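Working notes for the structure below.
The values are calculated or read from the model by the stated rules, or taken from the named source; none is laboratory data. These figures come from a predicted structure and were not determined experimentally. Here the Cβ is made from the backbone with ideal geometry for all residues, glycine too, and neighbour counts use every protein chain on show.
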Amino acid sequence: MALADAPATTDVSKLRAHFPSLQSGFAYLENAGGSQVPRCVPDAIHEYMTTTYVQTGAGYPQSVVATENVDRAHAFANTFVGGDGIGMTILASSTTTLVHMLANAYALTMAAGTRIIAAETGHEANVGPWAGLAKRGFDFQVWRMNRETCQCPLKTLEKLLQEKPTKIVAFPHASNLLGEIVDARAIADLAHSYGARVVVDGVAYAPHRAIDVMALDADYYVFSWYKVYAPHMAALFGKEEALGEIEGPNHFFIPREAGPYKFELGGIMHESCAGLNALPRYLSAVAGRPEGAGFDRQTIVDAFQVMASLELPLQRRFVEFLQSKPNVRIIGPAHGESGRVSTISFVHNSLTPPVIVNHVHKHPIGIRYGDAYAFRLCKALGIDTATGVVRASFVHYNTIEEIERLCAALDGIL
Ligand SMILES: Cc1ncc(COP(=O)(O)O)c(C=O)c1O
């Protein structure tokens, strides 16, 4: 049995008790847009802002604590992705910001005409910044997907790689609309065999599974913390040798030895770092570690194992429900097994997504409709981007009762 297929043994109500917002009775089923935060996160932000809200690097006691706060956030982020010893993790306000920073940095190093490839299934955050380089003399190509399977075939990628020297292959680890987890290692191996770097968008994957950049052999891996039970910020892991190819955009006199700061224009949100530094406490609770036990990479791996096992029955039930509706088409894999995350999109033969979603909102349940910024994917499938798809997205703290409520609400209209 694959790890993610193991049955859940954790009591979800104990985990839900960590989240103040979940006590209201509202069903938060739009987690791919953003997750809720456990109490320790805003508590830590409050504590930081009322005791340590000074600038880093000044040397007086509060400033020493503030400096450590930022350093700890970087260290935790790097351990979170499994990057210790092979690279470093840069923080910023969003994934979109980080990919733009990366694309601009590469634009300064590449020969004119160099090929850059981005997957059609990607969120625009990991497509647009690369597409924009076409205006600067680079050869941007979309890695087209198969319209039937919604997968980007390796053969199509290989053809693109064979045609022209390529520097970047950008793709999602899981699409935020389709939910399918792709074989990122196979893509990385293929790209590397042609001398290209991979930029993996893990935003839709990170709330559900432990990231392991070493196992994926990812040169760059980017995701958003605000979907992973933490404040509104994002992280970009870079392998040491890959980061060595580019210059960070921060001020010219800041040396490369400054580490992530060289890539963080003007620095990052210190209070958000404090919130992020509290996340290990919640992950320890999810992993079932006794209070006071040390925190390490294994705790992260174990916590996500628990999360995946809690999500599995939710996604199975919802996919099974949708499959019982003849007028519904699931966009993406029509199964609820562990090869996907709990982000599930569908369209209806005659009802538009806004009609369906507005009906559900009365129940009271939060889901959403739209293109989810997977704009090119929607276009390729002939989906009207103004209304897009209906998307419901669950994480480990959701309950089977909430999914039943969603099914009952949908039953009334589908
Ligand atoms: C798969 C995916 N990539 C990238 C992004 C963009 O993230 P950010 O809002 O941090 O720029 C999102 C946001 O929803 C996403 O779902």
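Some notes on this structure:
- A Cβ distance below 8 Å, combined with a sequence gap of six or more or placement on separate chains, defines the contacts here; from the stretch 30-50, residues that are of a type in the set (D, E) reach residues that are within 16 Å of the ligand (Cβ to nearest atom) in the pairs E30/G366; E30/I367; E30/R368; E30/R391; E30/A392; E30/S393.
- If you go through the stretch 196-220 and keep only what is in a loop (DSSP other than H, G, I, E, B), more than 10 Å from the ligand (Cβ to nearest atom) and without any contact (Cβ under 8 Å) to a residue 40 or more places away in the chain, you end up with D217, A218, D219.
- Selection of first residues in the stretch 334-355 that are closer than 18 Å to T387 by Cβ and of second residues that are part of a helix (DSSP H, G or I) and not small (G, A, S), restricted to Cβ pairs under 6 Å at least 6 apart or on distinct chains, gives the following pairs, ordered by first then second residue: I344/F318; F346/L322.
- Residue match in the stretch 48-70 (condition: closer than 27 Å to D201 by Cβ, crowded, with 17+ Cβ neighbours inside 10 Å and modelled with pLDDT of 95 or more): yes
- Complete set of residues in the stretch 364-384 that are closer than 30 Å to S21 by Cβ and surrounded by fewer than 16 Cβ atoms within 10 Å (Cβ to Cβ): P364
- Search result, residues across the stretch 240-260 that are more than 19 Å from F80 (Cβ to Cβ) and of a type outside the set (D, E, K, R): G244, I246, G248, P249, N250, H251, F252, F253, I254, P255, A258
- Count - residues of the stretch 73-122 that are within 16 Å of the ligand (Cβ to nearest atom) and of a type in the set (S, T, N, Q): 8
- Taken together, the residues in the stretch 221-240 that are more than 13 Å from the ligand (Cβ to nearest atom) and either among the hydroxyl-bearing types (S, T, Y) or assigned to a helix (DSSP H, G or I) (or both) amount to 2.
- Residue count for the stretch 310-327 under the criterion of being outside any loop (DSSP other than H, G, I, E, B) and either over 24 Å from H123 (Cβ atoms) or touching a Pro at 6+ places or on another chain (Cβ under 9 Å) (or both): the result is 9.
- In the stretch 18-47, the qualifying residues are those that are small (G, A, S) and away from the ligand (no atom under 16 Å from the Cβ), and the one that is surrounded by the most Cβ atoms within 10 Å (Cβ to Cβ) is A27.
- If only residues of the stretch 123-138 that are more than 16 Å from the ligand (Cβ to nearest atom) and more than 13 Å from M101 (Cα to Cα) are counted, the one that is surrounded by the fewest Cβ atoms within 10 Å (Cβ to Cβ) is K135.
- Positions within the stretch 240-266 being buried (at least 16 other Cβ atoms within 10 Å of the Cβ) and at positive phi, in sequence order: G259
- One residue stands out among those in the stretch 306-331 that are more than 18 Å from E402 (Cα to Cα) and buried (at least 17 other Cβ atoms within 10 Å of the Cβ): the one that is farthest from the chain's Cα centre (by Cα), which is V328.
- Each residue in the stretch 241-255 was checked for being in a loop (DSSP other than H, G, I, E, B) and within 16 Å of T89 (Cα to Cα), and 7 pass.
- Test: residue in the stretch 96-111 that is outside any helix (DSSP H, G or I) and of a type in the set (F, W, Y): no
- Condition met for L279 (surrounded by 16 or more Cβ atoms within 10 Å (Cβ to Cβ) and in a helix (DSSP H, G or I)): yes
- Number of residues in the stretch 166-181 that are under 12 Å from L216 (Cα atoms) and away from the ligand (no atom under 12 Å from the Cβ): the value is 0.
- Residue tally, condition surrounded by fewer than 21 Cβ atoms within 10 Å (Cβ to Cβ), assigned to a loop (DSSP other than H, G, I, E, B) and among the β-branched types (V, I, T), over the stretch 71-95: 1
- Filtered residues of the stretch 1-16 (kept if part of a helix (DSSP H, G or I) and at pLDDT below 75): L3, A4, D5
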